[in-house]
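To start, the structure under review is shown below, and the notes come after it.
The values are calculated or read from the model by the stated rules, or taken from the named source; none is laboratory data. These figures come from a predicted structure and were not determined experimentally. Cβ coordinates were reconstructed from backbone atoms using ideal geometry, including for glycine residues, and neighbour counts include every protein chain displayed.
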Amino acid sequence: MGWSRTHTVLTRFKLGGTSLTALIWEIFLTVKHIPAHVLYLSFSNYLDVNRLVANGDFETPPSGGFPSEAISDGPTEIPSWSTNGTVKLVSAGEKVSGGMLLIVPRGKHAVRLGNDAEISQEVTVEKGSAYAVTFSAARTCAQMESLNVSVPPASQTVDLQTLYNVQGWDPYTISFEAEEDKARLVFRNPGMEDDPECGPIIDDIAIKKLITPDKPKDNAVVNSGFEFGPWMFQNVSLGVLLPTNLDEETSPLPGWMVESNRAVRYIDSNHYAVPEGKRAVELVSGKEGIISQMVETTPNKLYSLTFSLGHARDKCKEPLAVMAFAGDQAQNFHYTPDSNSTFQVASVNFTAKAERTRIAFYSVYYNTRTDDMSSLCGPVVDDVRVWFSGSSRTKVQTLLGLGLAFSAYLLVLV
C-alpha cells in the first residue's frame with residue numbers, strides 16, 4: 001500500500017466512485033507509508049480542485065464577444081466582475097500606441113486597469129479564516145507600476161517590477177482575514193499616467209484558504225518546511241512572489257513574514273530543486289528580501305537553528321550564500337556544490353534572551369540567472385528548525401509527520 005493506491009482512491013472519490021467512509025478507511029491503512037506533506041497537499045488538491053475565482057482567468061467572453069478595439073471611456077463588461085473607471089479586456093498579441101506589444105500572462109485574455117480604475121468581485125469565505133489571493137500581473141508603460149489589492153478593510157499595494165524574470169510578468173500573492181462570510185475582492189490601479197493606454201495587466205486570480213500547522217513539541221518554528229502557503233498553478237514555472245508582509249498573524253506563508261521592500265519567491269518541486277517536501281523559499285532579492293519568524297523560546301536556554309541551504313537548479317549564477325540570524329547571532333553560510341545533492345544542512349547555536357526570538361534569512365549576494373543575466377534568483381532555504389541543543393532530530397521529524405497527517409485526516413472529515 002502506498003502513494004499510487006491512495007492516488008487511485010482519491011481519483012475515484014473525486015469522480016464519485018468511492019464513498020467518504022471508504023476513502024477514510026483506505027487512507028487510514030496507507031497513511032503511515034506516505035510522507036505527511038504529500039498527503040496534505042494531495043487532499044488539498046482533490047477536495048478543492050478549482051481555486052480560480054469566477055472568471056479569474058478572464059477567458060469567459062462578454063455577451064457581445066471580446067472587444068476588437070480599445071474602449072476609450074466607460075466600463076467594460078467583464079463577466080462575474082464589477083468595474084469602475086477605464087477597464088479593458090486585452091488580448092495576447094495586441095499592440096498599443098507606439099507599437100508596444102501587451103503582455104498577457106497566460107491564456108488569450110487578461111484585464112488592463114487604466115488610471116484609478118478597478119475591478120471587484122464578491123467571494124464566499126469563512127468568517128475568521130485567513131486566505132491567500134494569488135494573481136499574475138504585468139506592467140505596461142512605466143518602469144514600475146503598482147497594483148492595490150484589497151479586501152476591505154485590509155489593503156496592500158504591490159509594486160510590479162521586471163526584475164525577477166525576462167517574461168515581463170510574475171505571479172504574486174497577498175493575504176487577508178475574512179471578517180464576514182462574504183468578502184469584496186478589489187484590484188485597483190493607484191497610478192496616474194499621461195498615456196491612457198498604460199496601466200497594470202492582471203490575470204489568473206485564485207483564492208485559497210490558509211491553514212497554519214501546529215508546531216511540533218521539539219521545534220519552535222511554525223510551518224518549518226514551507227509546505228503551507230498560497231495557491232500555485234501547476235503549469236506555471238515562475239513560482240509565486242511574496243511581497244512585503246509585516247503581519248505574522250495574517251501572512252500568505254503562515255508563520256513567516258517578508259520584512260523588506262522586495263519579494264522572495266515561493267517555489268515548488270515541480271519546477272525547482274527543493275531540499276525537502278514539495279515547497280521551499282528562494283531568496284531572490286539580496287539583502288532586500290528578508291524572510292523572518294518570531295519563535296517561542298525560554299530565556300537563558302541554549303538552542304540550535306538548523307536549515308537546509310540549496311540551489312534551485314534554475315541556472316542561478318554562483319556563488320550562493322545566506323545570512324542566517326538567530327537572536328543576537330548572525331552567520332554567513334556559502335552553498336557548496338555537491339554532485340550528489342543540491343542542498344546542505346547549516347546550523348547556528350544561540351542562547352535565547354527572551355520568550356520570543358527572531359530568526360531570519362537573506363541572500364548575501366544579488367544573483368542572476370546565467371542564461372539571461374538579468375532575472376533575479378538566489379539560494380533556497382527549507383526545513384527550518386529551532387530546538388533545545390541535544391534534542392533528537394528523529395523525534396522532531398516523527399512528531400511533525402504525525403501532526404501533518406492528523407491535519408490532513410481532519411480535512412477529509414470537513
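Tabulated results
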quantity: Selection count where residues are buried (at least 17 other Cβ atoms within 10 Å of the Cβ) and closer than 22 Å to V284 by Cα, scope region 349-370; calculated: 9
quantity: All positions within region 286-334 that are out of contact with any Phe, Trp or Tyr (no Cβ under 8 Å at 6 or more places or on another chain) and in a loop (DSSP other than H, G, I, E, B); calculated: T298, P299, N300, K315, K317
quantity: Filtered residues of region 157-208 (kept if of a type in the set (G, A, S) and surrounded by fewer than 17 Cβ atoms within 10 Å (Cβ to Cβ)); calculated: G168
quantity: In region 91-127, the residues that are more than 18 Å from P62 (Cα to Cα) and part of a strand (DSSP E or B); calculated: K95, L101, E122, V123, T124
quantity: Qualifying residue in region 248-262 (condition: surrounded by 21 or more Cβ atoms within 10 Å (Cβ to Cβ) and among the aromatic types (F, W, Y)); calculated: yes
quantity: Subset of region 273-302 (residues that are of a type in the set (A, V, I, L, M, F, W, C) and either within 22 Å of N349 (Cβ to Cβ) or surrounded by 23 or more Cβ atoms within 10 Å (Cβ to Cβ) (or both)); calculated: V274, A280, V281, L283, V284, I290, I291, M294, V295, L302
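Each row is one residue, and each column tells you yes or no for (1) within 30 Å of G255 (Cβ to Cβ); (2) surrounded by fewer than 20 Cβ atoms within 10 Å (Cβ to Cβ); (3) modelled with pLDDT under 95.
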residue	(1), (2), (3)
P62	no, yes, yes
S72	no, yes, yes
P79	no, yes, no
L102	no, yes, yes
G107	no, yes, yes
A132	yes, no, no
S146	yes, yes, yes
